[in-house]
Amino acid sequence: MIISDAQQIKMLSSSEMDLIHEGTCRVLSQIGVKVTHEDIAELLVSKGAQRKGDRVLIPKNMVEKALADTAKTIQFDAPNPDYGFTVNASENQAKFGTGGQALYMVERTSEGWKEKLAGAHDLKQILALCDQLENVDFITRPVECDVPEDQMDVEKAKIFRDYSSKPMNLANLFKRDRLDEVLDIIGDPAYVSFIVCLVSSPLVMDTPSGDKLKAIVEKDLPVAISSCTQGGSTAPFSEVGELMQLNAEVLFGYVLANAIRPGAKVLYRGIPITSNLYSDGSPRWCQPESIRRVALATQLCRYYNIPCCATAGVSDEAEPSAQAISEKVLCWTYIIASGGHYINSALGMLNQVMSVSLDQYVIDDILLKIVKEKFKKNESKEVSHLAMDAMVEGLKLFGITVDEKIEEELRARIEHVEKSLEPYNEDNVSQQVDIIEKAVTQSGGSTVFMKASRVGLRKGYLYTGNRIDSPLDLTRVDERLEAVSIPE
């Protein structure tokens, strides 16, 4: 889908984006990233980085050179040429795909929703279904196969080859040494892309992931460099602080990828979500404050003019529900409007990336069509109105009566997404850099972040609205599932 310039939302000004960039560069040059991979450390030093103990410090000029050198256009081909597409950093185009590596399948039974461990057969069913869904543009591996880990890459490649005619994102590579075999099985490397979680938060490079990134980039394959910080546990609870740390972790990957191969085909995948500090510290993937932060990370890609692998639509719900519908539609709308190009994990995801559901894939396909139509038919309408209209229509389509109370709740969520609750200024940037440095250089980093979160809790950073509870009418889902062909 294409959106108009008028539909793009800018929740931060250019000067506020400048502050985040400058703060990010301070994090990389003053604190750096812990790197125990000697070859990678030496490569970065040869390009201008400095070593300070086991940390590698990246100067600002290296960051900006990597951003200038990296590919601005990335082609994604497919076994069926009709499904191929190009991501261009300067275009307002959004493509949608699955995601996950979920552990469980959620299935509908006569006794209600049941969860089971996922395996190879489930992967076949999901790929076959998504290959026939209109609003799935690419397929990221949604579940793992029930095979030994050293066979995982090969088994998933065979299933993708047999069941997908769309661009294939194989997510993480389990074994670097399997890469050539995987590409041989797929048949054409142009059909394949990957995701690498290079840096563990806060600011520690994962050595095996460094090897995998090197192998992928050397073959000139597209790869999304991913970081999923959790404000209050693995990153500052502050929006400003979390954005800077996340940006530093992803841009470190850009520096490394372009040191390996200038012009690397890299996508920015930043997922700055919050931790539920009111209870068990679990991730809040699709709550309003997390939607806002992911939208801001997406806007950083537009600021840098680089391809964005956004993440949108990972519901916190354990099963398909009215709450999940409202979460997903709100999230998609703001990530589209923020400039997401290659929107990963957009369909099927439940229970904080732990589960997927065939029913939910169909629900999401139907809902995405509604969202796309809202953008297409209302080119001058504000994003808040588009989000409201899409949420209301989506809820009604599945049998939910949208009364005044529900509308009030939906408006409150939109307001929380759009409202900034802290200052973007030099003092706050400096304070957050100090918190990150303290967490990184002292033991008990999560404790540092949690202690510093008290101010944000008092200011209401975590959204505390009401759930939307109402039974779903799944007649349309049943009709769609009956009309497609998937393995029994």
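The values are calculated or read from the model by the stated rules, or taken from the named source; none is laboratory data. What you see is a predicted model; the values in this text were computed from it and never measured. FYI the Cβ positions are ideal-geometry reconstructions off the backbone, even for glycines, and counts take in every protein chain you see.
Things worth noting here:
- Residue, farthest from Glu327 (Cα to Cα), within segment 339-372, restricted to residues that are touching a helix residue (DSSP H, G or I) at 6+ places or on another chain (Cβ under 7 Å) and either in a loop (DSSP other than H, G, I, E, B) or of a type in the set (Asp, Glu) (or both): Gly339
- Among (1) under 16 Å from Gly97 (Cβ atoms); (2) hydrophobic (A, V, I, L, M, F, W, C); (3) surrounded by fewer than 24 Cβ atoms within 10 Å (Cβ to Cβ) - the single one Ala259 does not satisfy: (1)
Residues checked against (1) under 21 Å from Ser209 (Cβ atoms); (2) in contact with a strand residue (DSSP E or B) (Cβ under 9 Å, 6 or more places away or on another chain); (3) crowded, with 17+ Cβ neighbours inside 10 Å; (4) not assigned by TED's automatic domain parsing to the domain that holds Lys265:
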residue: Ile31; (1), (2), (3), (4): yes, yes, yes, yes
residue: Thr36; (1), (2), (3), (4): yes, yes, no, yes
residue: Gly48; (1), (2), (3), (4): no, no, no, yes
residue: Val56; (1), (2), (3), (4): yes, yes, yes, yes
residue: Thr73; (1), (2), (3), (4): no, yes, no, no
residue: Pro81; (1), (2), (3), (4): no, no, no, no
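- When Asp280 is tested against the conditions (1) within 18 Å of the chain's Cα centre (by Cα); (2) among the acidic types (Asp, Glu); (3) at pLDDT below 95, the lone failure is (1).
- Residue pairs meeting the criteria (Cβ under 8 Å; at least 6 apart or on separate chains; first in the same structural domain as Leu129 (by TED's automatic domain parsing) and closer than 22 Å to Gln323 by Cβ, in segment 473-488; second small (Gly, Ala, Ser) and surrounded by 10 or more Cβ atoms within 10 Å (Cβ to Cβ)): Asp473/Gly399
- Residue satisfying all of: in segment 300-323; surrounded by 21 or more Cβ atoms within 10 Å (Cβ to Cβ) and of a type in the set (S, T, N, Q); nearest to Lys72 (Cα to Cα) among these: Thr311
- In segment 191-224, the residues that are more than 19 Å from Ala248 (Cβ to Cβ) and out of contact with any strand residue (DSSP E or B) (no Cβ under 7 Å at 6 or more places or on another chain): Pro208, Asp211, Lys214, Ala215, Glu218, Lys219, Asp220
- When Ser275, Ser233 are checked against the criterion of being of a type outside the set (A, V, I, L, M), more than 30 Å from Ala190 (Cβ to Cβ), surrounded by fewer than 24 Cβ atoms within 10 Å (Cβ to Cβ) and touching a Ser or Thr at 6+ places or on another chain (Cβ under 6 Å), a single residue qualifies: Ser233.
- So Val371, is it in contact with a Phe, Trp or Tyr (Cβ under 9 Å, 6 or more places away or on another chain) and surrounded by 19 or more Cβ atoms within 10 Å (Cβ to Cβ): yes
- Taken as a whole, segment 136-152 holds at least one residue that is under 23 Å from the mean Cα position of the chain (by Cα), among the polar types (S, T, N, Q) and closer than 16 Å to Gln101 by Cβ.
- Here Ile31, Ile58, Ile9, Ile20 are screened, and the one residue that is in contact with a helix residue (DSSP H, G or I) (Cβ under 6 Å, 6 or more places away or on another chain) and more than 19 Å from Val255 (Cβ to Cβ) is Ile9.
- Selection within segment 436-455 - of a type outside the set (A, V, I, L, M, F, W, C) and in contact with a helix residue (DSSP H, G or I) (Cβ under 8 Å, 6 or more places away or on another chain): Glu437, Lys438, Thr441, Gln442, Gly445, Ser446
- Positions within segment 102-126 being out of contact with any strand residue (DSSP E or B) (no Cβ under 6 Å at 6 or more places or on another chain) and either among the hydroxyl-bearing types (Ser, Thr, Tyr) or farther than 21 Å from Gln352 by Cβ (or both), in sequence order: Thr109, Ser110, Glu111, Ala120, His121, Lys124, Gln125
- Test: residue in segment 299-314 that is of a type in the set (Val, Ile, Thr) and over 30 Å from His21 (Cβ atoms): no
- Per this entry, Asp180 is not counted among residues that are in contact (Cβ under 8 Å) with a residue 24 or more places away in the chain and either farther than 26 Å from Asp137 by Cα or surrounded by fewer than 24 Cβ atoms within 10 Å (Cβ to Cβ) (or both).
- Selection within segment 383-415: residues that are among the β-branched types (Val, Ile, Thr) and touching a residue at least 40 places away in the same chain (Cβ under 8 Å). The member of this set that is nearest to Glu373 (Cα to Cα) is Val383.
- Per-region count, segment 148-169, residues in a loop (DSSP other than H, G, I, E, B) and modelled with pLDDT under 95: 1
- Annotation note: of Gln442, Gln431, the sole residue that is at pLDDT below 95, out of contact with any strand residue (DSSP E or B) (no Cβ under 9 Å at 6 or more places or on another chain) and farther than 30 Å from Leu133 by Cα is Gln442.
- Residues satisfying the stated conditions in segment 100-127, i.e. within 16 Å of Tyr163 (Cα to Cα), under 23 Å from the mean Cα position of the chain (by Cα) and either at pLDDT below 95 or of a type in the set (A, V, I, L, M, F, W, C) (or both): Leu123, Ile126, Leu127
- Top-ranked residue of segment 352-368 - restricted to ones that are among the polar types (S, T, N, Q) and buried (at least 24 other Cβ atoms within 10 Å of the Cβ), ranked as farthest from Leu133 (Cα to Cα): Ser355
- Matching entry among Ile195, Ile139, Ile126 (being more than 30 Å from Lys52 (Cβ to Cβ), in contact with a Ser or Thr (Cβ under 8 Å, 6 or more places away or on another chain) and part of a strand (DSSP E or B)): Ile139
- Check on Ser380, of a type in the set (Ser, Thr, Tyr), in the same structural domain as Asn247 (by TED's automatic domain parsing), part of a loop (DSSP other than H, G, I, E, B) and over 30 Å from Ser29 (Cβ atoms): yes
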